[in-house]
Every structure is written in C-alpha cells, then in structure tokens.
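**Student:** What follows is a structure written as structure tokens; I'll ask about it next.
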Amino acid sequence: MSGAVRDVRRFNYVSKLILFLIQHKMSYLSGMAQKIVLNTLEQIVQQAIKTHHNLRIVNQLLNEMQLALANGHYDHVGSASLWDSHTTHVSRLKEELDAVSIQERNDDGKLMFADLPDSVIYEILACLSDHKDLVNAGRTELRAFDLSEQRKLWKKLCQFHFNKKQWNTVLRKGENLESVEWKILYMRLMKRYGLKDVYADMLYICRHCNALFWELHGHPCPVANMEPRSTPVSPQMFVDFFSA
C-alpha cells in the first residue's frame, strides 16, 4: 500500500484509507499496525513535500493524527513510550510540512496559466471535482476568478456529486432550478449530504477467487471459463476485511 502513495492515481485512495484508520481505529491497532500507519503517513508527507501536491490533504491527515494521539493518550493498545514516540514523529512531520514554501515560477518565457485563453482556463476549471480547488484557482487572477464563478461550473459540481432528488430537498420556498444560484445550492447540498469520494484508481475484489487488485492493473483470474466479475472496495471496506 505504501508504494501506491507515489502513484498520483492512487494517492486519494491511500490518503482516505489512512484517514479512516486515524479517525476510527488508531487507538485499537496493535503496535506493529500503528507503526505501519505512521510509516505510510510519513511517505505521504514526503511525497507531498517532494511534489508540492495535495498539501492541504496531507495537512489534514497530520492534524487528525495529532488529535487521535491526544484523545487516545490514556486509552490505547501498546506501550506509553510507543505512543509518545508517535506524537514526536507526527510533530516532526508537521514541522517539515509547515516549512514547505511554494515559490512562484520565474518568468522564463514559457507559457504560464495567465497566458492561456479564457476557453482553455474554463476547460481546466471544469475538470475540478472539489469546490476548494475551484475557489483557490479563482484566486490566482481576476480572469480565473470571473470564470470560476460561472453558474455552469457550479451546476457541473452539483451534477457530479448529487442527484436531482437531492437537489429538490434543499430548494427553499419560491426557488426553482431555473433561477437558483448553483453555487449556493452546491453549498447547501454539501452541508447536508457531504461530497462523493473520487478516486482515479481504487481496489477491487474478484468475486470468483477473492483476489484484491488495482482497477487499472486488472486481474488475470485463475478461475477458468467464468465471466470476470468484481466489486469495488472502498477504504472502509478494505479496513473491515481485517477487522475481527
């Protein structure tokens, strides 16, 4: 699993898995399992520092880990010295991440984001599935801000994360889908239902031989003369496989 951290397609899945373990299982894991979680978390942090990608997600993981360690200080599996070493480890990782400074690229004559035409910037923004990324992209320059506020983009986000039945549950008296501000509707929907988890690649389990595999890798099932059948495995489901 730790090797998947270096694959940009699997980063979100592994991060969500670690987040679930931190929030719900950390105090109940064996000492060895705790070390595996901490080592994987360190690899996530080092990958973020190296690439300058997903810094917000990684900072959330560290904050959640610090909270879990504080809450479990007097009630956890393993020795007190091991738990204290986790706290020291996470504090060091937090300092390393906080020291990251992203510098604006020098003008080297090559094309920059601000040089792109509006139509291209719009298509880039339309590929974002997280409203936070859309808002942050809009802060880069005035044109990007104007484009990021377009109703069509926020409608796309509503269509991606929610269904029409859910839309109607947050409409207020006198509102309809033709006149409502999609950004406002999105925020209401997010508050009530949360957002859909998005993974470029995720684990699947073969329904014939129970083998786990990454979707993009595929799976040459040894069971002959059977139509391939598999089930997606969410991070929570993956953890449940190993729960007593």
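**Student:** Just the accessible area for residue 91, please: 1.4 Å probe, Å², rounded to the nearest 10?
**Tutor:** 40 Å²
**Student:** Could you give the length gained by full extension between residue 33 and residue 213, i.e. 0.36 nm per residue of separation minus their alpha carbon distance, to one decimal place?
**Tutor:** Full extension of this stretch gives 62.7 nm more.
**Student:** In percent, how large is the relative contact order of the chain, given Cα pairs closer than 8 Å and 6 or more residues apart?
**Tutor:** Once normalised by length, the contact order is 18 percent.
**Student:** Follow-up question, since we're still on this one. In nm, give the distance between the simple-model label positions of residue 87 and residue 60, each being 7 Å from the Cα along the Cα-to-Cβ direction.
**Tutor:** Placing both labels 7 Å beyond Cα along the Cβ direction yields 2.6 nm.
**Student:** If I compute solvent accessible area with a 1.4 Å probe over the protein chains, what percent of it on the stretch 1-138 is carbon and sulfur?
**Tutor:** Of all accessible area on the stretch 1-138, carbon and sulfur atoms account for 52 percent.
**Student:** Still on this structure, please answer the following. For the pair residue 171/residue 184, report the inter-label distance in nm, with labels modelled 7 Å from Cα in the Cβ direction.
**Tutor:** In this crude spin-label approximation the distance works out to 1.4 nm.
**Student:** Any idea of residue 231's accessible area? Nearest 10 Å², probe 1.4 Å.
**Tutor:** Rounded to the nearest 10, the figure is 50 Å².
**Student:** Grab the Cα-Cα distance for residue 106 and residue 151, subtract it from 0.36 nm times how many residues apart they are, and report the gain in nm with one decimal.
**Tutor:** Extra length available between residue 106 and residue 151 comes to 12.9 nm.
**Student:** Given the pairs 110/183; 50/164; 25/191; 16/183, which are separated by over 31 angstrom at their Cα positions?
**Tutor:** Over 31 Å Cα-Cα: 110/183; 50/164.
**Student:** A follow-up question, please. Positive end of the dipole of the stretch 136-244, charges at C-beta (+1 Lys, Arg; -1 Asp, Glu), about the Cα centre: which of 182, 159, 208 has its Cα farthest in that direction?
**Tutor:** Working it through, the farthest residue towards the positive pole turns out to be 182.
**Student:** Ok, one more. I'd like the orientation of helix 31-51 relative to the chain: the angle between its Cα long axis and the longest Cα principal axis, in ° from 0 to 90, rounded to 10.
**Tutor:** 30 degrees
**Student:** Tell me the volume per residue, in Å³, of the convex hull enclosing the alpha carbons of the stretch 1-58.
**Tutor:** 68 Å³
**Student:** Okay, next question. Could you let me know the centre-to-centre spacing of the stretch 1-70 and the stretch 149-169, using Cα atoms, in angstrom?
**Tutor:** One Cα centre to the other: 30 Å.
**Student:** If you fit an axis through the alpha-carbon atoms of helix 151-161 and take the longest principal axis of the Cα set of the chain, what angle between them do you get, 0 to 90°, nearest 10?
**Tutor:** Once rounded, one gets 30 degrees.
**Student:** Using only protein heavy atoms and a 1.4 Å probe, report how much of residue 127 is accessible, in Å² to the nearest 10.
**Tutor:** 110 Å²
**Student:** Could you order 192, 56 so the one with the most accessible surface comes first? Probe is 1.4 Å.
**Tutor:** Descending accessible area places them as 192, 56.
**Student:** Determine the per residue accessible area of the chain with all protein chains present and a 1.4 angstrom probe, expressed in square angstrom.
**Tutor:** Accessible area per residue: 62 Å².
**Student:** For the stretch 199-244, run through the chymotrypsin sites (Phe, Trp or Tyr not before Pro) and keep only the ones in DSSP coil with at most 11 other Cβ atoms within 10 Å of their Cβ.
**Tutor:** 242
**Student:** Compute the long axis of helix 55-71 from its Cα atoms, compare it with the longest principal axis of the Cα atoms of the chain, and write down the angle in degrees, 0 to 90, nearest 10.
**Tutor:** For helix 55-71, the angle is close to 40 degrees.
The values are calculated or read from the model by the stated rules, or taken from the named source; none is laboratory data. From a predicted model like this one, the values you see are computed outputs, not experimental measurements. No Cβ is skipped: glycine too gets one built from the backbone with ideal geometry, and neighbour counts run over all protein chains shown. Side chains are part of the model used for accessible areas, which takes the heavy atoms of the whole protein and leaves out ligands, DNA and RNA. Shrake-Rupley method; radii C 1.70, N 1.55, O 1.52, S 1.80 Å.
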